[in-house]
Amino acid sequence: MGKIVAIDGPAGSGKGTVANILAKECNLTYIDTGAMYRAIAYASLQNNIDISEEDKIVELANNSKIEFIDGKTYLNGKDISKEIRTMEVTRIVSPISSIIKLREILVDMQRKMAGDNDVIMEGRDITTVVFPDATYKFYLDATLDERAKRRYKENIEKGMDVSLEEIKENISKRDYNDMHKEVGALTRTEDSVYIDSTNLTIDEVVKKMKDVIEV
Ligand code: DC
């Protein structure tokens, strides 16, 4: 096992943004586990599989190859980086990620992806299930209002037309679902460094994390 930086936190807390920067600056392989759940959600939509058809979703995951290459997400060789960020996928990804057998498959994939590399991995259950013995553990947080505003800004920049209210409602529903899962629920562990980024810039969050990692 190489060095493992594990980050958990709710949707929109900035995990992806800071993990990307730290990966480059600290020479770590970035693994976005949310993108993996999104890839399966996207594939389910493509194959007209309903979220209630758990066996079919599990089978789909068993036959899926997910890769991260040059900051892009690939499913069975196809770049799906943009497709997995649509509201359609975002609406169904949390319930899909509650399927226990699917989690087993993806957690296994995540551990294999890490291999012996030095990695920075972010999601909801990284510090608790995937790598409870990670070298460094963080819990990144921010208020619901602030997280919704960030997602809204991101969407505007991408040309996506979704109202702030709809984003806030989606995030709040996902928070609840992600925190109340039978397996892999989002929890803040005592041994994680807690960072509330509500009033911090990205650079300030990165600096706080670097202070921990680069000792
Ligand atoms: O980080 P994100 O918003 O892209 O994640 C999408 C969904 O995937 C999130 O609502 C919960 C789920 N997820 C999970 O259950 N476990 C993870 N390790 C990462 C994401």
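What follows draws every value from the coordinates through simple rules; no lab data is involved. What you see is a predicted model, and the numbers here were worked out from it, not measured in a lab. Every residue, glycine among them, receives a Cβ derived from its backbone with ideal geometry; neighbour counts consider all protein chains shown.
Assigning unit charges at the beta carbon (Lys, Arg +1; Asp, Glu -1) and nothing else, what dipole magnitude in debye, to the nearest 20, does the chain show about its Cα centre?
Values: 31 positive and 39 negative charges, 58 e Å.
Roughly 280 debye, rounded to the nearest 20.
Have a look at I49, M121, L60 and report the one farthest towards the positive end of the charge dipole of region 1-156, computed about the Cα centre with Cβ charges (Lys/Arg +1, Asp/Glu -1). Comparing the listed Cα positions along the dipole, M121 ranks first.
Rounded, prolate or oblate: pick one for region 1-93, where a ≥ b ≥ c are the square roots of the eigenvalues of its C-alpha gyration tensor, a/c under 1.5 means rounded, and failing that, prolate if a/b is larger than b/c, else oblate. Prolate.
I need the helices of the chain that pass two filters: whole DSSP H segments spanning 18 Å or more by Cα along the axis, and mean Kyte-Doolittle score no lower than -0.5.
Long hydrophobic helices here: 33-46, 100-114.
Treating each Cα of the chain as an identical point scatterer and summing with the Debye formula, the log10 of I(q)/I(0) at q = 0.10 Å⁻¹ comes to -0.40.
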